[in-house]
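The values are calculated or read from the model by the stated rules, or taken from the named source; none is laboratory data. A quick note: this is a predicted structure, and the numbers were derived from the prediction, not measured. Every residue, glycine among them, receives a Cβ derived from its backbone with ideal geometry; neighbour counts consider all protein chains shown.
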Amino acid sequence: MLVYLESLGCRLNAAEIETLARHFAGAGCSVVDAPEAADVIVFNSCAVTVAAARKTRQRLRQFHRQNPGARIAVTGCWATEDGARAGAFEGVAWVIPNEEKYRLPARVMGRQPPLEAPLPWSPGRWGHTRAFLAVQDGCDHACTYCVTRLLRGPARSRPPAEVVAEARGMLAHGAREIVLTGVSLGAYGQDFRDLDEAYSLAHLAASILDEMTHVEAQPGTQRPRLRLSSVEPWDVDARLLHLLEHPRFCRQLHLPLQSGADATLKRMGRRITASQFAALTEQARAIAPDVALTTDVIVGFPGEGAAEFEASLAFVERMAFSRLHVFPYSERAGTAAIKLPDAISPRVRKRRAARMRALGQRLAAAYREHFVGATLPVLWERQDARGRWRGWTDTYIAVVTRTPTDLYNRITPTKLVGESGRAMRGEVVSA
């Protein structure tokens with residue numbers, strides 16, 4: 001069976017589709033890199049915003065046009081939210097909700113494949129050089145705008161020994177960067193009831209970092225490193241912050257802010273104030289002055305008057321984030337926010353999103369400029385259409401360089417010499 005797999009949305013979706021690909025391959029299927037070549041297309045959908053749900057539907061139509069003979073299995077959040085509509089699309093043969101996602105290979109193959117022995121992870125095999133490691137799913141928070149927690153269920157963590165063993169396998173097969181992912185990553189371990197002592201994300205990260213210290217540095221590359229995906233600010237404790245001092249821990253924290261105005265945060269059900277968020281960023285920068293602080297911001301939330309938006313804009317500028325993900329508020333069925341009064345018009349939301357994104361671009365450029373002349377470790381991922389190698393620093397700056405040397409999946413010291421669009425031009429110091 002020829003199987004094509006694709007995901008839309010978050011890094012957890014990407015990690016899940018990679019795991020499913022390994023299971024299909026381990027069961028004897030051939031994983032192909034184009035939908036046109038597939039007997040079966042597996043799509044991990046997204047429903048976090050109206051736009052994401054629309055992209056999901058568009059992609060399903062594209063799959064059928066590209067390969068009318070293929071059978072499509074759609075899973076993920078949109079399939080969970082609107083399974084009847086998903087099943088009505090031409091070509092869709094299976095609709096698999098989130099809670100049954102890892103039974104998908106058995107459903108598609110019509111038999112129980114050997115899920116206990118998936119094909120090992122290897123760099124680039126499933127579309128990613130970095131290794132996305134899903135360690136947690138679900139969420140217990142009550143943010144009033146969020147549909148994901150409704151579609152993913154309560155927070156639940158994978159056993160530490162299982163996660164560390166998977167990380168060890170990834171390292172053994174060439175992973176140079178592992179990215180820990182989850183719906184509510186910072187809540188990792190909070191659902192454990194059978195451990196004598198509290199176990200947290202910081203404990204898990206420290207265990208994986210310990211595994212990395214035992215990996216021998218290969219010629220021409222530095223030792224592997226660990227990165228976290230999004231962590232809610234109220235889940236960040238001192239132990240997690242001090243991991244920024246570890247040489248293998250990437251100096252980046254993605255801390256969702258959502259708004260810089262306290263009144264808006266309260267209506268959103270966020271468990272933090274702007275001043276508390278600012279104090280957390282000060283602690284992080286005291287430990288690692290060059291840390292990349294990236295965030296998410298929602299604009300046009302119900303009741304966000306002009307003054308609240310301006311306060312949020314000013315707060316974002318004061319925080320000097322290195323990267324912003326900006327979302328106009330999106331009404332999602334089943335959320336508490338959809339019942340709030342004083343809705344903001346789509347036109348105003350769009351205008352505010354444009355202003356916030358423009359600020360984000362200025363802040364990102366200022367952060368990149370700070371590193372001109374500095375030498376940072378860069379993990380090289382791929383060559384672009386212009387023949388340049390593209391990679392990422394540990395501080396999540398995109399870097400491009402030209403060299404005849406094969407840099408694929410290597411971490412090299414690289415001097416950043418100037419801007420190149422929204423990336424930096426680099427000169428490899430040693431390769």
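Couple of notes before you dig in:
- When residues of segment 309-328 are limited to those that are touching a residue at least 40 places away in the same chain (Cβ under 8 Å) and in a strand (DSSP E or B), the one surrounded by the fewest Cβ atoms within 10 Å (Cβ to Cβ): Arg323
- Pick from segment 247-261, criterion crowded, with 18+ Cβ neighbours inside 10 Å and of a type outside the set (A, V, I, L, M, F, W, C), ranking: farthest from Ala336 (Cα to Cα): Arg248
- Residue ID - nearest to His254 (Cα to Cα), chosen from residues in segment 388-414 that are surrounded by fewer than 22 Cβ atoms within 10 Å (Cβ to Cβ) and among the aromatic types (Phe, Trp, Tyr): Tyr396
- Pair list, Cβ < 6 Å and 6+ apart or interchain, from segment 405-418 residues that are within 20 Å of Pro224 (Cα to Cα) to residues that are modelled with pLDDT under 95 and among the basic types (Lys, Arg): Asn409/Arg176; Ile411/Arg176
- Of the residues in segment 249-260, not one is over 22 Å from Tyr396 (Cβ atoms) and of a type outside the set (S, T, N, Q).
- Subset of segment 230-246 that is hydrophobic (A, V, I, L, M, F, W, C) and not in a helix (DSSP H, G or I) - its residue that is surrounded by the fewest Cβ atoms within 10 Å (Cβ to Cβ): Val236
- Within the option set Ala306, Ala365, Ala354, Ala385, being surrounded by fewer than 17 Cβ atoms within 10 Å (Cβ to Cβ) and in contact (Cβ under 8 Å) with a residue 40 or more places away in the chain holds for one residue only, Ala365.
- Arg332 vs. criteria buried (at least 18 other Cβ atoms within 10 Å of the Cβ), touching a residue at least 60 places away in the same chain (Cβ under 8 Å) and under 29 Å from Ala47 (Cα atoms): yes
- A search for C-beta distances below 7 Å between a residue of segment 141-157 that is closer than 25 Å to Tyr199 by Cα and any residue that is in a helix (DSSP H, G or I) and small (Gly, Ala, Ser), counting only pairs 6+ apart in sequence or on different chains, returns Ala155/Ala187.
- Within segment 14-50, the set of residues being assigned to a strand (DSSP E or B) and at pLDDT below 95 comprises Ser30, Val31.
- All positions within segment 6-50 that are under 18 Å from the mean Cα position of the chain (by Cα), farther than 20 Å from Gly169 by Cα and either of a type in the set (Asp, Glu) or assigned by TED's automatic domain parsing to the domain that holds Ala337 (or both): Glu6
- The test for being free of Cβ contacts under 8 Å to residues at least 40 places away in the same chain, crowded, with 16+ Cβ neighbours inside 10 Å and under 21 Å from the mean Cα position of the chain (by Cα) holds for Thr75.
- Residues in segment 51-66 include none that are out of contact with any strand residue (DSSP E or B) (no Cβ under 7 Å at 6 or more places or on another chain), in contact (Cβ under 8 Å) with a residue 24 or more places away in the chain, outside the structural domain of Asp137 (by TED's automatic domain parsing) and not in a helix (DSSP H, G or I).
- Residue within segment 337-354 that is of a type in the set (Val, Ile, Thr), in contact with an Asp or Glu (Cβ under 8 Å, 6 or more places away or on another chain) and not assigned by TED's automatic domain parsing to the domain that holds Arg410 present: yes
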